[in-house]
Structure formats: structure tokens, C-alpha cells
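Structure first, then comments.
The values are calculated or read from the model by the stated rules, or taken from the named source; none is laboratory data. Every value quoted in this text rests on a predicted model; they were computed, and no experiment measured them. All Cβ positions, glycine included, derive from the backbone under ideal geometry; neighbour counts span all protein chains shown. All accessible areas refer to the heavy atoms of the entire protein, side chains included, with ligands and DNA or RNA removed. Shrake-Rupley method; radii C 1.70, N 1.55, O 1.52, S 1.80 Å.
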Amino acid sequence: MADSRVANFRRVASSGGAPHVAIIGAGVAGLSAAIELSHAGAQVTVLEGAAAPGGKMRTLAVAGRDVDSGPTVLTMRWVFDELFEAVGVASPVAFVPAAVLARHAWMDGSRLDLFADVEASAEAISALAGAAEGDAYRRFARHTERIYRAVEGPFLRAQRPSFFGLLRDAVRGPSGITGLAQIDGMTTLWKTLASTFRDPRLQQLFGRYATYAGSSPFEAPGTLALIAHVEREGVHYVQGGMSALARGLEQVAKGLGVTFHYGERVRAIEASGSKVSGIVTDARLLRVDAAVFAGDLATLASGALGDVGVRAAGGYTFPVAKRSLSALTYSMVASASGFPLARHNVFFSRDYAAEFRDLFQRGRLPEEPTVYVCAQDRDDTREPGPGDAERLFMIVNAPATGSATEVDRCEAAMNRVLETSGLLLRIEDRRRTTPADFEKLFPGTGGALYGLSSHGPMSAFRRPSARTPLGGFYVASGSAHPGAGVPMAALSGRLAASALREDFASTVRFRTTATAGSISIA
């Protein structure tokens, strides 16, 4: 199949001219792919049904102010630094490193800040839970760094990683056979944490990292502990908000000659024989040599883009039982008192196991939820004045069933968690988004925001790679390899661009620096 696909591309290339590539979706993955491909010499057209770039990185207008209402935590800044360096442009946005990673609160009144500095966090943990737990954190920091170093090259940057390949690389590494233990892929995150920390609050705090992949710490592999290292390497504020990053990527793409069509929803994909030939939108039929679908794979597999889209999905299935989490979110303008908010705040429920039983076993909103609050007008050096209204974004984990049942009950429970922890709000205005709303925004997903859940040791290898069974058609998103999150989506876009360049390497006007099997990043 691969040989015939390359041959098809070469026949197209022989007709002369730069290949015309359509990018379906102007989220981070689509924008990153567009930048790479345009820089390499392709004629790139981006088609986006919304009115602005960003995808899930969206803003909502509340009380006359724009509230970031999607991803709010930026890590792995190097992904964007390398992207901009690869195409020879300066960063269009300013990244400011955060000293306080997040503020955590429990309903018993205890609080804990985590810091970018390991020793500062260890001292804070010692003050909360004793010196032995502070030492445990230092060991945990070293362990999570080892996990990250073991998987960055052979997994994050690879086109199509395999579990056994990852193990092989670990064995060949400097740690030899003991490198296998660095991955922690055969145990759960919760078991890893239970063997590391005695204090249940710390188990709960670090267990929350599974939700970054829309998963349960009781079912996700211990490998996800690497997120602790990723955050220590740098959580960044984006000046102008996360939406400024999407606009900055769009700016770079336009500077490279990319054409954008907003408010233009894709309705179908056309194929000629074994390869993609056109994209049908509300407004036009676009003839293309290749295309990148930068959206949820569940949408593609659902038939929303026609039978050819289903064929391109290659048998991808999205059963309810394997979906990642959705969310119940609140974008608001309010004045806050009683609790000293940082930029990122987490208010924990009393029973984490019960919360995830509700989410994944019972398929319902939790009886008592953990609540994340992003205070967007605060950072390490600034905060609103007393009584001033500020922009807040709140998230409660929800099952991806596409329903909106028991929302009012869960909202009341959310308010109790916040009030018990000391946070009082006087709300000026707000907008609520439910799993049913996310299903409308991203059809076929049931509202799942991270693709398939990361449950089980093989879960990371179930995500589709960039190439599809349809020649010239590629996929890139947080639901594809290497996974969920803003930087991972950008990597997915770059991997799709790299695969397309490899397959189109014979085109005279298509420059390629890709290396087989992995993304070539300067």
C-alpha cells in the first residue's frame, strides 16, 4: 500500500507545480501542519468552520470580555520554539515562565503550591505533610524525569511508535535492562503514586495528571507521571491569553502564503481511485493533491465527512466505554474573595475514587467534583484589586456521553466544594458549556475532548498515526498520535506534515528535510 501511495504522489508531482494541500481545521495541529507545509513549498489552503483559528483553544465573550475557554496550561514550549525556528521566524507571541505551577486546596482547609523549582516544591510538601514526603517528592522528580527522557525520542517524535520498539530503546539505553522500569507502563498511575507517597492528598494531587489526557489515575498507566516533569520544565503564560497563540500561528502561516477560509464547514471528501482528490465545503469544491484532517478522528469515523471520510478513518472506532473525559465548563466574569487565587487552582473533592467511579463506571457527573479554576487576570506578579471583577474559567470533569443530565445538581456540588475551600464568588455574568454542547461543536465525539482514554498499558499505541488508508490523506489532532494537549497537537501537525513531505519527496518544488520514521526538528 505504501509503495502505491508514493507512486500516486509521484504521478501527481510529474504534472509540475507545487502540490495543493488542504488543511481541514484551524486548530493547533492544523496550523502547525500548514506552517510546515507552506514553508516546504506547498500551496496550502486551510478550511475552518468556525469564525477564527484555535479549534478547542477558543474564547467566549462574557460581560464584554474575552475569556479563554479551552486549554489554559501551556507546557513544552520547546515544541513551538522549534517550529518557529524550523521555518525561520521569530515567535509571534511572548511566553512568560510561571514560578507557581498551580495552587491546590482541599476541603479540610489545607493548601499546597507547586513550583517550577524542585526544592521549593519539596519544602512546601514537607511543610504540608512532613520531611519524609518532601524527600519522596525529590525521588519522584528524578523518576519522572527518567520516564520523560525514555519516551521523548522514541515516542513523542516518532511517526509510528510501537510498545516493543519503546522497550527495545529502553534496553539499549544507558540504563540497560533497568531502563524498562523507567517507563512505568505496566502499572497504573495510582499504584505508582501509592508506592511513592503516604499522604493521600499528594496521591490525589499527582493523580490528577491523568485528567490531562482525559483519563482516570486508577486506570491510566504510570507513564503519565511524566507530566509532573513536563510541568517542572516550564508552565508558561502566553501574553494576550491562549487564543493569542492561535492567532500568532495564523499570522506565521499567512506570512508564508497560507490561504484561510473561515465559516466554511467541510461536508465531504472526494477520492479518485485510491487517493484523495477534492474537498467539498459549504461554498466550494476544492481540488487537491493532498489533505490533512486536523480534527477529532471520531468525527471522521462517524461519517460526518461522507463515506470517503469513513474509509480514510481506517476502521477507527470510538465506543463510549473507551472515550476520554468531557467537561462541564463555566466561563465567567466575577469578583472573588476568601481564597487567594493563583493563575491555576485546583479544589479537590474528598473522595477521588468515588469521583472517577461516577465518571467512568457509572457514566455520570460526579456527586462531588474536583474543580479547576483558571484566574486569567492573575500571574506571579499581578492580581485584581479587592472586589474587582476578573475573568475566571472553571472545569469539572464529565463523562463523554453527549448528554447534559444532572448538570444543575453537579453545579450545586461544585459550588459547595469551592465554598468549603473558602472561595466566594459574586458573578457578574457567565456562560456554561456541557458535554452535549461539546458534541455539537465536535460531532461524533460525545463531547470527549482528548480522543480515546489512556487506559491500559497499550493505550498510547492505539492512537492513529498520520498516514491513513486513503492516499494523500493524513490526520493530525489531539486524538491522533502522540496524544492530547496543546503541544502534543502541534507535534501531531508537524508529524503529518513530515509524513506528507516524505511521500511527496520527488516533487521538484517541494523541499523536504524529513527523516524516515521520525520528525526532523532542528
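Being charged (D, E, K, R) and either open to solvent by less than 20 Å² (accessible area, probe 1.4 Å) or under 22 Å from T434 (Cβ atoms) (or both) is the filter here, so list the residues in the stretch 323-351 that pass it.
The first filter runs over the stretch 323-351 and keeps only residues charged (D, E, K, R), leaving 323, 343, 350-351.
Selection gives R323 alone.
Among the residues of the stretch 205-226, write down those that are open to solvent by 10 Å² or more (accessible area, probe 1.4 Å), modelled with pLDDT under 95 and either among the hydrophobic types (A, V, I, L, M, F, W, C) or in a loop (DSSP other than H, G, I, E, B) (or both).
Of everything in the stretch 205-226, those that are open to solvent by 10 Å² or more (accessible area, probe 1.4 Å), modelled with pLDDT under 95 and either among the hydrophobic types (A, V, I, L, M, F, W, C) or in a loop (DSSP other than H, G, I, E, B) (or both) turn out to be A213, L224, L226.
Among the residues of the stretch 280-303, which ones are part of a loop (DSSP other than H, G, I, E, B) and hydrophobic (A, V, I, L, M, F, W, C)?
Within the stretch 280-303, the first condition is being part of a loop (DSSP other than H, G, I, E, B), and the residues that meet it are 282-284, 288-289, 294-296, 302-303.
Scanning the stretch 280-303 gives A283, V288, A294.
With the condition being over 25 Å from A290 (Cα atoms) and under 22 Å from the mean Cα position of the chain (by Cα), I'd like the strands (runs of 3 or more DSSP E) fully within the stretch 32-150 carrying at least 1 qualifying residues.
Values: elements: 43-48, 59-62, 65-68, 95-97, 100-105, 111-115.
Because the criterion is at least 1 residues that are over 25 Å from A290 (Cα atoms) and under 22 Å from the mean Cα position of the chain (by Cα), the strands (runs of 3 or more DSSP E) in the stretch 32-150 that meet it are 59-62, 65-68, 95-97, 100-105, 111-115.
How many of the residues making up the stretch 378-430 are exposed (fewer than 15 other Cβ atoms within 10 Å of the Cβ), free of Cβ contacts under 8 Å to residues at least 40 places away in the same chain, more than 23 Å from T72 (Cα to Cα) and not charged (D, E, K, R)?
So the answer is 1.
Pairs only if they're at least six apart or on different chains, beta carbon under 8 angstrom, first in the stretch 29-45 and open to solvent by less than 10 Å² (accessible area, probe 1.4 Å), second in a helix (DSSP H, G or I) and of a type in the set (V, I, T); list them, first residue then second.
I35/V252
May I ask you to verify whether G241 is touching a residue at least 40 places away in the same chain (Cβ under 8 Å), buried (at least 18 other Cβ atoms within 10 Å of the Cβ), touching a Leu at 6+ places or on another chain (Cβ under 6 Å) and at positive phi?
Details: touching a residue at least 40 places away in the same chain (Cβ under 8 Å): yes; buried (at least 18 other Cβ atoms within 10 Å of the Cβ): yes; touching a Leu at 6+ places or on another chain (Cβ under 6 Å): no; at positive phi: yes.
In short, no.
Let's see how each residue does on (1) at pLDDT below 90; (2) buried (at least 24 other Cβ atoms within 10 Å of the Cβ):
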| site | (1), (2) |
| --- | --- |
| R462 | yes, no |
| R494 | no, yes |
| A497 | no, yes |
| R501 | no, no |
| R511 | yes, no |
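So is A354 more than 21 Å from L112 (Cα to Cα), open to solvent by less than 40 Å² (accessible area, probe 1.4 Å), of a type outside the set (S, T, Y) and out of contact with any strand residue (DSSP E or B) (no Cβ under 9 Å at 6 or more places or on another chain) or not? Talk me through it step by step, then tell me what you get.
Working: more than 21 Å from L112 (Cα to Cα): yes; open to solvent by less than 40 Å² (accessible area, probe 1.4 Å): yes; of a type outside the set (S, T, Y): yes; out of contact with any strand residue (DSSP E or B) (no Cβ under 9 Å at 6 or more places or on another chain): yes.
Yes.
Tell me which of these E145 doesn't satisfy, since it passes every other one: (1) closer than 28 Å to D380 by Cα; (2) at pLDDT 95 or above; (3) surrounded by fewer than 21 Cβ atoms within 10 Å (Cβ to Cβ).
Condition (2) is where E145 drops out.
Output the residue which, of all residues in the stretch 271-310 that are surrounded by 23 or more Cβ atoms within 10 Å (Cβ to Cβ) and charged (D, E, K, R), is farthest from R323 (Cα to Cα).
D289
Counting just the residues of the stretch 468-487 that are modelled with pLDDT under 95 and not polar (S, T, N, Q), which one comes out most open to solvent (accessible area, probe 1.4 Å)?
Once the filter is applied, the top-ranked residue is G485.
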